[in-house]
1. Identify which of Gly320, Gly44, Gly94 has the largest mean-square fluctuation in a Gaussian network model of the chain, with springs joining Cα atoms closer than 10 Å.
2. Based on other C-beta atoms within 10 Å, arrange Ser106, Ser323, Ser11 from fewest to most.
3. So, by mean Cβ neighbours within 10 angstrom, what's the order for 307-314, 199-206 with the highest one leading?
4. Applying 1/(1 + (r/R0)^6) with R0 = 56 Å to the Cβ-Cβ distance of Asp260 and Asp324, what FRET efficiency is obtained, to the nearest 0.05?
5. For a protection proxy built on the mean count of beta-carbon atoms within 10 angstrom, sort 256-263, 3-10 highest first, please.
6. Highest mean first, how do 288-294, 20-26, 163-169 rank when packing is the count of other Cβ atoms within 10 Å averaged over residues?
7. Let me check I've understood the local charge: for Gly84, count other residues with C-beta under 10 angstrom from its C-beta, Lys and Arg +1, Asp and Glu -1. What total comes out?
8. Hey, could you grab the Kirkwood Rh for the range 113-153? Inverse mean 1/r over distinct alpha carbon pairs, Å, one decimal.
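Every number here is computed from the coordinates shown, using simple stated rules; none is lab data. Because the structure is predicted, anything quoted here is derived from the model rather than measured. Using ideal geometry, Cβ is built from the backbone for each residue, glycine included, and neighbour counts are taken over all protein chains shown.
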Amino acid sequence: MKDVLILGIESSCDETAAAVVKNGRDMLSNVISSQIDIHTLYGGVVPEIASRKHIERINQVVSQALKDAGVSPSELDAVAVTYGPGLIGPLLTGVSFAKAYAYARSLPLIGVNHIEGHICAVYIENKDLRPAFLCLIVSGGHTHLVRVKDYGEYELIGRTMDDAAGEAFDKIARVIGLGYPGGPKIDRAAKEGDPDAVVFPRGHGSGEYDFSFSGLKSAVLNYLNSCEMKGERISVPDIAASFQKAVVDVLSANAAKALDSFGDKSFAIAGGVASNSLFRSELEKECVRRGVGFFKPSPVLCTDNGAMIASAGYFKYIKGEFSDLNLNGVADLELCLR
Ligand code: KG4
Ligand code: ZN
């Protein structure tokens with residue numbers, strides 16, 4: 001079969017990203033222009049600023065992705081773009097660009113769900129990973145436990161009832177003075193701390209495999225307030241380590257329970273929080289203990305990127321699932337219903 005070259009575009013939050021991927025798994029380029037330095041000034045992503053920065057950068061990011069891949073626009077087979085979930089302004093920038101690009105070059109357009117993109121990121125470095133498998137997607141906006149039954153076929157078995165795990169990392173980092181983006185900073189600080197220093201609650205949601213992080217977040221805030229009232233000094237590394245341990249315990253407990261019930265032989269992690277060192281090692285241990293294959297993207301493919309969108313686009317391309325020029329951004333797009 002002829003090689004299929006897909007240009008993937010991602011702009012759902014604060015990364016302007018584009019990549020070219022061959023046949024869904026062979027990453028020819030991956031350009032990511034992060035806005036972290038700008039949003040750090042405000043302690044979090046400012047949607048309006050993010051939209052404007054995407055507009056400024058998207059042209060150059062796409063040109064660089066084609067150049068790095070050594071692919072000319074006429075060699076592309078399709079353009080895939082994230083159309084949700086995410087921030088509506090940033091989504092619209094990517095979607096509008098992709099529509100114009102596809103129209104101008106008479107290329108098929110493929111709208112991709114961002115969460116599906118995170119799952120497909122795992123295929124890129126794990127050429128032998130094939131459905132069915134269980135996947136835990138943990139990012140700034142989502143915490144989803146999904147059974148990947150086939151390419152593009154998902155069963156949502158657990159999700160957060162309130163905050164996403166990454167959101168909790170970001171909020172707690174802010175209140176303990178580590179700043180934005182919180183996840184990597186807590187990960188680093190935790191290495192110097194004692195994970196058993198403070199016992200924070202492990203919250204689960206209403207369904208068997210659901211998650212909840214808002215109670216944990218409140219518990220950390222209450223702990224900080226009570227230390228302040230008593231005039232007690234706090235240890236940032238100890239709080240970071242104890243909080244991180246609480247999050248990872250909940251994530252791995254639900255994943256372990258699902259592995260035992262569903263009997264999947266492969267397990268994958270994905271999304272920004274999947275770069276967390278404790279999360280990676282604990283989930284790997286659960287898999288090794290059960291003789292289950294463990295698959296993880298390298299950190300650059302855990303955070304938002306265009307390659308994951310191009311990969312997801314490929315699996316839609318081969319099924320003929322194209323979008324038309326009415327494609328719009330959908331801020332609360334679901335991966336699947338349950
Ligand atoms: O997937 P992603 O890039 O964007 C969304 O789709 O949300 O995930 C970003 C999230 C942020 O909340 C960030 O703090 C978190 O991933 N994150 C981490 C780490 N690296 C990024 N959380 C914990 N530990 C890390 N090392
Ligand atoms: Zn993401």
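1. The residue that fluctuates most here is Gly320.
2. Values: Ser106 7, Ser323 21, Ser11 36.
With the sparsest Cβ surroundings first, the list reads Ser106, Ser323, Ser11.
3. Details: 307-314: 33.0, 199-206: 15.9.
Final packing ranking: 307-314, 199-206.
4. Working: r = 44 Å, r/R0 = 0.78.
For R0 = 56 Å, the calculated efficiency reads 0.80.
5. Numbers: 256-263: 15.0, 3-10: 25.0.
Per-residue mean Cβ counts within 10 Å order the peptides as 3-10, 256-263.
6. With the highest mean Cβ count within 10 Å placed first, the list reads 163-169, 20-26, 288-294.
7. Working: positive: none; negative: Asp332, Glu334.
Neighbourhood net charge equals -2.
8. Numbers: mean 1/r = 0.0947 Å⁻¹.
After inverting the pairwise mean of 1/r, the radius is 10.6 Å.
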